Each structure stands twice: as C-alpha cells, then as structure tokens.
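These notes concern the structure reproduced below.
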Amino acid sequence: ASAHHLWPEIDRVTMEQMHYARMSVEDSGGVWQLFAEEGEMKMYRREEEVGGMVIDPLRACHVVKGVTGHEVCEYFFNPQYRLEWEATVETTTVLEKIADDILLFLQVHKRIWPASQRDAVFWSHMRHVPDDKDQDGPPIWVVVNNSVDIPDLPANTGKCVRLLLTVCLMCQTFIDPPKDGAKVTRNDLTCKITYCSVVNPGGWAPPAVLRAVYKREYPKFLKRFTNYVIDQCQDKPILF
Ligand SMILES: O=S(=O)(CCO)c1ccc(-c2ccc(C3CCCC3)c([C@@H]3C[C@@H]3c3ccccn3)c2)cc1
C-alpha cells in the first residue's frame, strides 16, 4: 500500500481521525449537544454551517456486549456485508483494492426526500493499534472513510449530488477475565464504539430539513449496524 499515491493521505487522515475520536471520548462536556439517546447509545452533534450548508459534526458513543472491536470493524469495512446493514445505500462498488485493508468505494445513497440523491467516492481503511491505556490488552480497531476526488468520476455529472464525508469508527474491546482460567466467552466481551462523522451534503438543502433527516437516520443507522454485528457473531468463534 505504501507505494500507492494516496497512501500518505490515508496514513495521515487515519491517525488524525483516531486521535480525534479518542480525544472526543474524553471531552463529553462543552460544545457537543446530546441529540439522541437509546440505552447505551448516546449521539452528540455540533451545529456548524459552511456557506449556508449544514455540516454538523456528529459523535456517537455506544457500548455493545458480546463482540470484539475487530469483529465490529470487519463488518463495517467489508463490502460483502454492506448492503445487509446499510439501509440508506442503493449501490456500493469497490473501484480499487488499494490493499487488503484499504478499499476505494463508489457509493450511491437512496434518495431521502426532500433532499436530492447523493453519491460518495471515498477510501476506507481498517487498522488496529495497541491501546496505550492497556498495552497488553486487545488492540484498538478503527475504520476511517474519507472522500477523495478522482478524475475518472467527476462530481455532479450524473443524477447524484456528490457528498463529502470523513467518518471514523473506533472500537475498544474489554474482556472480563472469566473465573479460574476458564475460556473467554462472548459474555465476557464488551466493545466501546466511538463513531465520528462530518458530512458535507454537497449541494444546498434547507438546514432544518437536513438536521431532521440526520436526527432520524443516524440513531437508526448505528442501532441497525450494531444489532447486525451482534446477530452475525453470536454463533461464530470470537475474532480477537
Ligand atoms: O458511516 S458511513 O461511511 C457507512 C458507509 O455507508 C456513512 C454514513 C452516512 C452517510 C450519509 C451521508 C449523507 C446523508 C444525507 C446528506 C443529504 C441527504 C443524504 C446520509 C443520509 C442521511 C442518511 C443517513 C444518515 C446517517 C446514516 C445513514 N444514512 C448518509 C454516508 C456514509
């Protein structure tokens, strides 16, 4: 992957997003506005506009029992599962396999009334790093999706408005050691998920309309995705 012309950007943005996601776990006060809460899932946003366009940064924190961060990131990254959990995506295409853990996607989202249909071109990178808070514990797994401009697919030529996104799904895994050296089972697993996203919708849409769409779609999205992973993993061996 290091030979690919996008590698320097992919490496830099991935580390920046991981740092941002980890920092945001701490700063739960201040600027973030809690806008949705369902059980363990808490969703925050900041209201920001650029050129009259809503680009509210979003941060979601969720705690899921019975899966590892590696499993959550695998089901998020791997295109073969995408359409099974992504309800707002019409088509997803891998344009280029940059490496085993770096894919270039073209994704067409379903039209969400009253906004016009969107598409997105982005690289997706899955990576794990040691958890510096627990060196000999499970690593932190992350998937970063970041829009990229590719000449072969110019924006806004077809029916879709090209949206810009930077997304980071970061997962920390905690294992409650079972008594007297028994085997670790899924009951001993807890995964702490931090999902950060900044989406520029590309074309103008009424701020109140966009915020209503996000308020409705993001909680559904994260709940559907995490329930899908729990369901897929429950009768499979643990992937640490
Ligand atoms: O985490 S990902 O990388 C997963 C890869 O599939 C990702 C998540 C969400 C989006 C997204 C970006 C913009 C919009 C809007 C903007 C104006 C009209 C469509 C939507 C519509 C709102 C609905 C939506 C929101 C949240 C989750 C899913 N659907 C979704 C893109 C990628």
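Under the condition of being within 12 Å of the ligand (Cβ to nearest atom) and of a type in the set (S, T, N, Q), which residue from region 191-201 is nearest to Val143 (Cα to Cα)?
Among those residues, the one meeting the criterion is Ser197.
Give me the pairs: first residue in region 140-165 and more than 22 Å from Ile10 (Cβ to Cβ), second residue near the ligand (Cβ under 10 Å from one of its atoms) and small (Gly, Ala, Ser), beta-carbon distance under 7 Å, and six or more apart or on different chains, which are they?
Val161/Ser116; Val161/Gly202; Val161/Gly203
Inspect all residues belonging to region 139-146 and state whether any of them is of a type outside the set (Val, Ile, Thr), over 16 Å from Asp56 (Cβ atoms) and more than 20 Å from the chain's Cα centre (by Cα).
no
Can you tell me how many residues in region 80-100 are near the ligand (Cβ under 10 Å from one of its atoms), surrounded by 14 or more Cβ atoms within 10 Å (Cβ to Cβ) and not polar (S, T, N, Q)?
Residues in region 80-100 being near the ligand (Cβ under 10 Å from one of its atoms), surrounded by 14 or more Cβ atoms within 10 Å (Cβ to Cβ) and not polar (S, T, N, Q): 4 in total.
Between a residue in region 1-17 that is closer than 16 Å to Asp100 by Cα and any residue that is modelled with pLDDT under 95, which pairs come within a Cβ distance under 7 Å, given they are 6 or more apart or on different chains?
Once the first residue is closer than 16 Å to Asp100 by Cα and sits in region 1-17, its partners that are modelled with pLDDT under 95 give Trp7/Ala1.
Picking from Arg224, Arg216, which residue would you name as being within 10 Å of the ligand (Cβ to nearest atom) and loosely packed, with under 13 Cβ neighbours inside 10 Å?
So the residue among Arg224, Arg216 that is within 10 Å of the ligand (Cβ to nearest atom) and loosely packed, with under 13 Cβ neighbours inside 10 Å is Arg216.
Please tell me if Cys171 is more than 16 Å from the ligand (Cβ to nearest atom), crowded, with 18+ Cβ neighbours inside 10 Å and under 14 Å from Glu71 (Cβ atoms).
no
Take the residues in region 102-137 that are more than 23 Å from Tyr75 (Cβ to Cβ) and free of Cβ contacts under 8 Å to residues at least 12 places away in the same chain, then tell me which one is farthest from the ligand (Cβ to nearest atom).
Only one residue tops the list, namely Asp136.
Please find, among Asp188, Asp180, the residue that is closer than 21 Å to Asn227 by Cα, surrounded by fewer than 19 Cβ atoms within 10 Å (Cβ to Cβ) and either of a type in the set (Gly, Ala, Ser) or more than 16 Å from the ligand (Cβ to nearest atom) (or both).
After applying the criteria, what remains is Asp188.
What do you reckon, is Phe240 surrounded by 13 or more Cβ atoms within 10 Å (Cβ to Cβ), more than 16 Å from the ligand (Cβ to nearest atom) and of a type in the set (A, V, I, L, M, F, W, C)?
So Phe240 fits the description; yes.
Provide a single number: the residues in region 52-93 that are free of Cβ contacts under 8 Å to residues at least 60 places away in the same chain and of a type in the set (A, V, I, L, M).
2
Scan region 143-162 for residues that are exposed (fewer than 14 other Cβ atoms within 10 Å of the Cβ) and among the polar types (S, T, N, Q) and report the count.
Total satisfying the criteria: 2.
Looking at (1) surrounded by fewer than 17 Cβ atoms within 10 Å (Cβ to Cβ); (2) away from the ligand (no atom under 16 Å from the Cβ); (3) not charged (D, E, K, R), find the lone condition where Ile140 falls short.
Against the list (1) surrounded by fewer than 17 Cβ atoms within 10 Å (Cβ to Cβ); (2) away from the ligand (no atom under 16 Å from the Cβ); (3) not charged (D, E, K, R), Ile140 comes up short only on (1).
The values are calculated or read from the model by the stated rules, or taken from the named source; none is laboratory data. The shown structure was predicted, so the numbers you read here are calculated from the model rather than taken from an experiment. As a convention, Cβ positions derive from the backbone with ideal geometry for all residues, glycine included, and neighbour counts pool all protein chains shown.
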